[in-house]
1. Which ³J(HN,Hα) values in Hz, rounded to whole numbers, follow from the phi angles of segment 35-49 under the Karplus curve 6.51 cos²θ - 1.76 cosθ + 1.60, where θ = phi - 60° and Gly and Pro get x?
2. Can you tell me which of 85-94, 41-50 comes out highest on packing, and rank the rest after it, using the mean Cβ neighbours within 10 Å?
3. Assigning unit charges at the beta carbon (Lys, Arg +1; Asp, Glu -1) and nothing else, what dipole magnitude in debye, to the nearest 20, does segment 23-97 show about its Cα centre?
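Coordinate-derived values only; no laboratory data. What you see is a predicted model, and the numbers here were worked out from it, not measured in a lab. Glycine gets a Cβ as well: all are built from the backbone with ideal geometry, and neighbour counts include every protein chain shown.
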Amino acid sequence: MIIKRKTHYLLSLFVVAGASLAQDPTIDRMIAAQCAQCHGTDGHATGDIDSIAGKDTADLYHKLIDMEEDRAEDIMEHQAWGYTDEQLYRIARYYSTVPESDDEDREDEDDD
Ligand code: HEC
């Protein structure tokens, strides 16, 4: 199972690294806009939910793929399920370009 997931990641990264995924920040932002409902404008959360602005693209993408594979057990799995892997990558790529605010620390960077 673990090997299968790793293969999936590698394949996904191979695909998104290729020419098939055009660098289009506007499309990335449009797809990513749905997340703002709960994670705040441009991923800067104001309430109890974590901010997602300024996170590493690969980190965010892998979290979203995990959520997608877990299939609609909780809020985020339900969210991730609604997107293709390419869209999840675009979302991750978008939020990684948004600078974190001063009060958003990076200490949660390597938790799961
Ligand atoms: C309906 C509300 C809602 C929407 C819409 C939503 N999320 Fe979430 N998200 C949550 C909640 C609730 C959590 C879990 C609590 C937390 O981490 O603060 C969460 C957690 C996360 C986490 C884990 C945070 C961490 O540090 O591990 C990531 C990453 C994330 N969301 C990304 C996204 C992305 C990207 C989108 C758009 C595709 C999105 N979310 C849309 C509610 C939402």
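1. Listing the rounded values in order: 5, 5, 3, 10, 9, x, 4, 6, x, 8, 6, 10, x, 7, 6 Hz.
2. Details: 85-94: 22.2, 41-50: 13.6.
Ranked by mean Cβ neighbours within 10 Å, highest first: 85-94, 41-50.
3. On the way: 6 positive and 16 negative charges, 72 e Å.
Magnitude of the dipole: close to 340 debye.
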